Structures are given as C-alpha cells and as structure tokens.
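We did not get these values from a lab; they are worked out from the coordinates using the rules stated. Every value quoted in this text rests on a predicted model; they were computed, and no experiment measured them. Quick reminder, even Gly has a Cβ in these numbers, built from the backbone with ideal geometry, and neighbours come from all protein chains shown.
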Amino acid sequence: KIPVIIDTDPGVDDVLAILLALASPELEILAYVVSFGNTDVHAAYENIYRLYQAVGRQITSHPEDKERFPNFSPEVPPVLALGPHGPLEGGRHHAQYFHGRDGLGDVSQNHPELNVHSEDRSSIFCANFTTTTKSSVEVILDLLQSRPKRSITYIALGPLTGLALLLRGHGEVVRKNIGRVVIMGGALDVPGNATPVAEFNIFADAHAANEVLSFDTPERGLPSDRVVLLPLDITAIHEIPFPFYVKHVDPTFESTRKPSIPSTKSPLVHFSSSFFERTREVMIEFGKDAMELHDIVAIWCAIENPSDPTDNKDDLPVMSPGWAVVKRNFSIERTGELTLGMMVIDRRDDPTAYAPGSNRAQVQSLLERYHQPHGLLESIAM
Ligand code: BDR
Ligand code: CA
C-alpha cells in the first residue's frame, strides 16, 4: 500500500478526491491536513465530517458497499489535523464564487439534512480518526520520521502554506524523508481560473508556492525529483460531463436548488447530487456543463506513480508507463497587481512561443528582409 498524507481544502473536487482515496485499496491514508483555501479552514474541516457522515450512512443502509470503501474504517484510522488558517503573506482569498460559502456548493443552507450534529460529530471522529493534540506540522513530522525514508507520498490539493511552513521549520528532515509530492496547482500554458493568469491554489498563497517550488534553492524548497506538479493544463481537461452523471449516477438529478425534500436516493448519491446542484449552475455560467476533476487527478496520479525510495538518479521523478513528466522552469509572481500567483515562464528562447503558424526562423527572415533597403515594402507591394 502507498502511505499518503492528504493536504486538502474541501472543496467540491477535494471531497470527490477524498472519496476516490477512500475507495482505493492501493492507498493507506495516514493523515488529512485541512487547510484554508476554497473556504475558511473550519468550514473545510466540517466538509470532511459531512463526507464521512455520507459514506457512513451509505454503508449502514447498503452494507455490501463497505467493500467499495476499503479505507473508510481501516485498522489504524488517519489523523485529522487542522492546518493553516491563512497565507504566509498577503490577504486571504477563498474560492467561494465556485465552491459556495461553505466550500461545498452551499449544502449547509440548501440541504440541512447533510449538516453534522455535534453528537454525531464526536462519534464520527472517534470511529474514523486518530485523535491528536499536535499541530499539523508536528503530525506530518512524526509520520515522516516514523516511516521508512521516502515512503510517504504527500498529496497537496490546496494552497501550499502547510508545506511551506513545514519546510521553513524542518527543511532538512522533510527533504530527507518525504517521498513523492503530488501537487495540484498552477497554470503553465493555459489561462488561470482564479484570475486570468493564476490558478487558485498558487494564487491563494503565492509566497508559499514560491518557497515550496524553489527548486534552484536546495536549502529552501522541495527536491525537484520528488515533485509532480499537475497544473490546470492537465487537470482541467479531465471532467465529468453532468449529462453523464445524470445518465449513470442520478437520473433524478436537477441543478435547480429546491427546498429539501425527503430523498429516495442512496445517501452517497444524495450527498453528491446536493453539492453538484450549485456546482452545475456555476459551471454552466462558465460555459461548460461538466465538472473539472482537478484534485481527483492528483489522487489518481499518486495511485499510479508510487514514489520509489531508491530512485536517486535523476532530477525528474520517474513515472509509470503511460505518464510523462516534463521539466519546466518558471517563477511565481508574488507582487503583481494583476498577476499575483502567475507562473511566469521565460519564453524568449522558445521558437514555438511566437504567433501560431510562425516560428523563430520565419520571424528572423522577416526581420532580415525588413533591414534590407525597401525589402519589406517591396514584398508587401508584390
Ligand atoms: C484547485 O483550486 C480549488 O478551487 C480546487 O479545489 C482545486 O484544488 C483548482 O484550481
Ligand atoms: Ca482543492
């Protein structure tokens, strides 16, 4: 099994990602570190309970489904730790425009039947999580030091604040012990989603992202052979079309919010359809009737690409067949009024970076013609 720490800000796609992790026998979930991000950290934490409540209800009403979620009640339950409340620097940005005020499509308002009551909260906690009084940084450090070196995969599905704090305080231990780090974040050759040029997880804490991804400063960031960054370029093209969801999961699904009515759906389908109501409306406003699977792709990548503790040969992670990894150089913008969180790539030597249909050689020949007396004017006149 691949031991994983999931650093998350649930979040509609985070919840789906965790659902995939719970359903994946390849993984052993050691801890969840809950961070601010899509919503504030306490609402994000609450969404883990909502998810566990829904899976628990599903298993209670359909006991045969227990097997579908082998990581739901493992022998050693994961630690649930509260992570950072806000970024290292700058203002706190949430993605409530997309995920709703509660981070889960406003289910807390529209579907109060999914809210977790305090007595249920403690029973969910006792049954499914290992209790701790430690900070999230201590929890992660303990795990990294108690397991074989480089065996743990760290999956980051939210802002990189927690990882940056860990590296600031304990960089050497982390660099020595951490295995693969799969990060959903960034936009390289596609537009951003939080702003025209920035992806949300990087935008929400550009300083943290800059520290974690400072590959050229060995005493600061993560070693480049451990990091697999999954930017929007890759994640946004993986989606579930809502018509597919309706056809295969919930034929009665409607995106119009309605007052709660007793549901005949199974608890888990009721849960996902409830937070998809608003999500679908927002996605349609954005121009597509589909849900992008950003964080889910990161879990999938972690499952298919376990870290190899013996790999010390390259500065790139070694991937399984079917996965390709490309080295990219970028800097993260931390001060721009319009460009905060942008991944700036120096394309001046990249011939393909010029206008479509042209390339550097063509541009060069155009310039040469321009510099010959009348050359360009003659060619236009011809
Ligand atoms: C990322 O930002 C968040 O809104 C999502 O949960 C995902 O982690 C996509 O840009
Ligand atoms: Ca997320």
* Rounded to the nearest 20 Debye, what is the dipole magnitude of the chain about its Cα centre when Lys and Arg each give +1 and Asp and Glu each give -1 at the C-beta? -> 300
* Cα centroid separation, the range 281-350 to the range 123-145 (Å) -> 28
* Structure fact -> Listed residues K247, K66, K265; largest mean-square fluctuation, Gaussian network over the chain with Cα springs below 10 Å, found at K247
* **Dimensions (Å) - the range 123-167, Cα atoms, principal axes, largest first** => 33, 27, 18
* Asked: A127 versus K288, label points 7 Å from Cα toward the beta carbon: distance in nm?
  -> 3.8
* Run through all the Cα pairs of the range 1-40 and give the fraction in each 5 Å bin from 0, expressed as whole percent. => 7, 25, 31, 22, 12, 4, 1
* Asked: If you plug each phi of the range 341-353 into the Karplus form 6.51 cos²θ - 1.76 cosθ + 1.60 with θ = phi - 60°, what whole-Hz ³J(HN,Hα) values come out, in order, with x for Gly and Pro?
  -> x, 6, 8, 8, 10, 7, 9, 5, 9, 9, x, 7, 7
* **On Cα atoms only, tilt of 118-128 relative to the major axis of the chain in degrees** => 70
* Asked: Among E75, E211, E199, whose mean-square fluctuation peaks in a Gaussian network model of the chain (Cα, cutoff 10 Å)?
  -> E75
* What list of ³J(HN,Hα) couplings, whole Hz, do you get for the range 232-241 from phi and the Karplus terms 6.51, -1.76, 1.60, once you set θ to phi - 60° and write x for glycine and proline? -> 4, 3, 9, 6, 5, 8, 9, 8, 9, x
* List the residues whose amide H sits under 5 Å from the amide H of M291, counting only those 5 or more places along or on another chain, with H placed 1.01 Å from N in the peptide plane. => I240, F242
* Check V79: other-chain or 5+ apart residues with amide H under 5 Å from its amide H, H built from backbone geometry? -> A31, Y32, T130
* Asked: Given Cα pairs under 8 Å that are at least 6 residues apart, what percent is the relative contact order of the chain?
  -> 18
* Asked: Where does helix 360-371 land angle-wise versus the long Cα axis of the chain, in degrees 0 to 90, nearest 10?
  -> 30
* At a Förster distance of 41 Å, what's the computed FRET efficiency of V76 paired with F330, Cβ-Cβ distance as r, to 0.05? -> 0.60
* Convex hull volume per residue in cubic angstrom - Cα atoms of the chain -> 180
* Estimated FRET transfer efficiency when R0 is 35 angstrom, pair D233-K265 (beta carbons, to 0.05) -> 0.50
* To do: Please list, in chain and number order, the residues 5+ apart from A198 or on another chain whose amide H is under 5 Å from its amide H, with Hs placed from the backbone.
  => G192, N193
* **Two-decimal log10 I(q)/I(0) for the range 1-159, as the Debye equation yields it once each C-alpha is a single scatterer, q = 0.10, 0.13, 0.16 Å⁻¹** => -0.35, -0.60, -0.92
* To do: Rounded to whole Hz and in sequence order, give me ³J(HN,Hα) for the range 192-200 from the Karplus expression 6.51 cos²θ - 1.76 cosθ + 1.60, θ = phi - 60°, writing x for Gly and Pro.
  => x, 10, 6, 9, x, 10, 10, 7, 4
* Structure fact -> The helix 161-177 Cα axis meets the longest alpha-carbon principal axis of the chain at an angle in degrees, between 0 and 90 and rounded to 10, of 90
* Protection proxy ranking of 124-132, 290-298, 232-240 - average other beta-carbon atoms within 10 Å, highest first -> 290-298, 232-240, 124-132
* Roughly what % of DSSP beta bridges within the chain run antiparallel, to the nearest 5? -> 20
